[in-house]
Structures are given as structure tokens and as C-alpha cells.
Amino acid sequence: MVVARTPTKNNVGSRLALTPSDRIRFARVTRPSSFTLERLPVILEWGSWMLRVDFTEQRQPRHLLPLSLPASLPKSKDDWYHVIYPLLNLCWDRLMSAPSSRRVIVVHPPFMSRDWECAIRQSFWDLGVPAIVFLCSLHTPPLALGWKRGMIIHIGKSEACCLAHADGTPIENTLQIAKCGYEAAVSDTEQVISLWTNGMKDAWINESNPNSLVLAVAKCLQSCPIDVRKHVASNLVFCGPTTIVVPDLSNKVIDRLRKLLKEDAPELEELTSDLTAFPTKWEMLAPVHDVLTPQSTGPFRPDMVSWIGASLWATVWHRHDEDDANIKWIYAPQADAAS
């Protein structure tokens, strides 16, 4: 850590004797005594298909590492540790930076298991990382896109998540998670998508499927407070890696939802699902059918907008948060014991 000090009374005269060009150079390195210069944190996003990692203040992550998990997901902390620790080691090899020199911000999907969280913490401590903080990947896109009211619809590998935001704050009770990710819609995950298939229609725009994306979006809207529902409906942002490879996904989902709200919607009493809570009354959403609008994540890629939002958030606060009031850092056990 470098601390720049202001000139003392003893060197005021010598400063006045400097040439104008020397004064300029001297002024550039002169700061108030409270100013500190810290190394930028690292942003690491745990995605569906890959890890995205780079230093804060980058326009987009430069290091993308494939995330190859075993067919059966790890079931314990130790199993997760044996998967995570080699991946983190590889990340810091790419960064060419000592793990002990920088803090880390971990961006993750909602509701990761407790074993995963414990394992990734232990992996960071074993690498020597001084402090970490966790951010949900559904909370950060509005920071990159610059809006306060809307809905994030993230379609990943195995599931899709919807979360509404109002006045810069996520409305947690609107969160919907449906088993309608890329693998549920596309039978051959290696093929290049050019046309919509029956599997894609069933997973994303079939209202008779309780785990469909169109029902998850509708329920998320219904869960919004009435006074912000129209604002949220007019700003529906589709993101995640699936939105890149599937043509016209956002428009097809919103078009289908508009038709359901205009026409006589099917009865939903017979639908059951362990994860998806579907609308109980379509009439509640009828007033918003004319304002439903999908929005672009431009100028950012849909699969990187969560990382970029976290980078902007860290850029603002890491220099101006001396009391850790906005970034709730979790310090390594050694640091806690020493303090």
C-alpha cells in the first residue's frame, strides 16, 4: 500500500523554488494524508459454462475458462473443494498475479449450495487471498445497464431465473427459478441453432408446461408491487449465454405472453411443479400486456453483463469505502485472528 503525503513546513520553501514543470510533476504525486492507493480487486464470475475472471475496471473479462463439472455434481464440501481449487489456481496463473495481493469479488448464480460456498472460501484462504465478497449474478446487470426498474431474465445451462428490480433494489420475493435452461430445450447441445425446435417451444413458450419460461416471467410480474409493475414490464432484459446462441428468444417469449394476456388464457389449476410458482390469475396482468417490451443489453454482451456490473460496482466503492459499509468483505481467518 502506497500513501502519498502532503508537503510539510520544512519543504514549502523548496517547493516554491521549483520550476513550473517541476511543480506540475510535484503536484501530481501530492495527495492529502488520508489518501491511499490500493490494488484493484479481482472479479470472478461462476457461470453456467465457464469462469470469467479479470481485474476491476476492465470493459469485459479477458480470461474465460471452461467450467467442466462432473456428470453428478459434487455432494459435499470436500468434493467441491477438489473441483474448485484447481480452477482457481488456473485463474491466477492467467492473471499472472499473486493471490495474496488482491481481494476477490465472487459473482454467482442464486441459491448455490452451502457446501459450494464453504469450499470456495476454503480454496481462497488456501491460495492466500486476503478477503472475498459474494454477489448474486441477478443483482449486478442493472449497474452495467444504468436503469433502476426492470426485470432480469437469465437463461443458463440448466435453469432460468427471473428477478424484478425497483428503484435500484432487487425485489427478492419476485425471484422465479424454472428448469428451462439450454439443456432442457435443446436435445443436442453440440449443434448450431438455426431454427426453433419443438423442444425449445415446449421449454420456453408453452404455457401448459409448468416449468416454462413464459410462466416464470408472468409469475415474476404478478409478484411485483402494483405501482411498479408497468415499469418492470416495460424493461425486460434477457441475458445469459443461452440468449446468444438461440435466435430471437426474447421476442418469442414476450410475443407469447402478450397473446396469453389478450386471449383467454388456459386454466392452470392442474399444473404442478416443485420449483415454478405460476400465476394464479391472468386477469391481474392484463393491464401490462401493451407495455411488455424486451430490452437489449447493449453495448455489452448478454453473457458478460453480470461481470461488468460487478466491475463497475467495485470500481466505485473499493476506493471510497474505508469502513467497509458498502462492500461487506469476508476476511481470511488469519486476518481476523491478527486483528
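The values are calculated or read from the model by the stated rules, or taken from the named source; none is laboratory data. This one's a predicted model, so the numbers in the text were calculated from it and none came from an experiment. Neighbour counts are summed over all protein chains in view; Cβ atoms, including those assigned to glycine, are modelled from backbone coordinates with ideal geometry. When the accessible area is computed, the model is the full protein with side chains, heavy atoms only, and any ligands, DNA or RNA have been set aside. Shrake-Rupley method; radii C 1.70, N 1.55, O 1.52, S 1.80 Å.
Can you list residue pairs whose Cβ atoms sit under 7 Å apart, with the first residue in region 281-305 being under 21 Å from ILE155 (Cβ atoms) and the second being of a type in the set (Phe, Trp, Tyr) and open to solvent by less than 80 Å² (accessible area, probe 1.4 Å)? Count only pairs 6 or more apart in sequence or on different chains.
Going by the 7 Å Cβ cut-off, the qualifying pairs are PRO294/PHE238; PRO302/PHE238.
Test LEU135 against the stated conditions and say whether it is under 23 Å from LEU87 (Cα atoms) and among the aliphatic types (A, V, I, L, M). Working first, answer last.
On the way: under 23 Å from LEU87 (Cα atoms): yes; among the aliphatic types (A, V, I, L, M): yes.
So LEU135 passes the test.
Answer with yes or no whether VAL245 is in contact (Cβ under 8 Å) with a residue 24 or more places away in the chain and open to solvent by less than 20 Å² (accessible area, probe 1.4 Å).
Details: in contact (Cβ under 8 Å) with a residue 24 or more places away in the chain: yes; open to solvent by less than 20 Å² (accessible area, probe 1.4 Å): no.
Taking the combined requirement at face value, the residue does not satisfy it.
List pairs: first in region 211-230 and assigned to a helix (DSSP H, G or I), second surrounded by fewer than 20 Cβ atoms within 10 Å (Cβ to Cβ) and among the β-branched types (Val, Ile, Thr), Cβ under 7 Å, 6+ apart or cross-chain?
Note: pairs meeting the criteria are LYS230/VAL291.
In region 86-120, which residues are of a type in the set (D, E, K, R) and either surrounded by 20 or more Cβ atoms within 10 Å (Cβ to Cβ) or touching a strand residue (DSSP E or B) at 6+ places or on another chain (Cβ under 6 Å) (or both)? Walk me through how you get there before you give the answer.
Initial filter on region 86-120 (of a type in the set (D, E, K, R)): 93-94, 102-103, 114-115, 117.
Result: ARG94, ARG102, ARG103.
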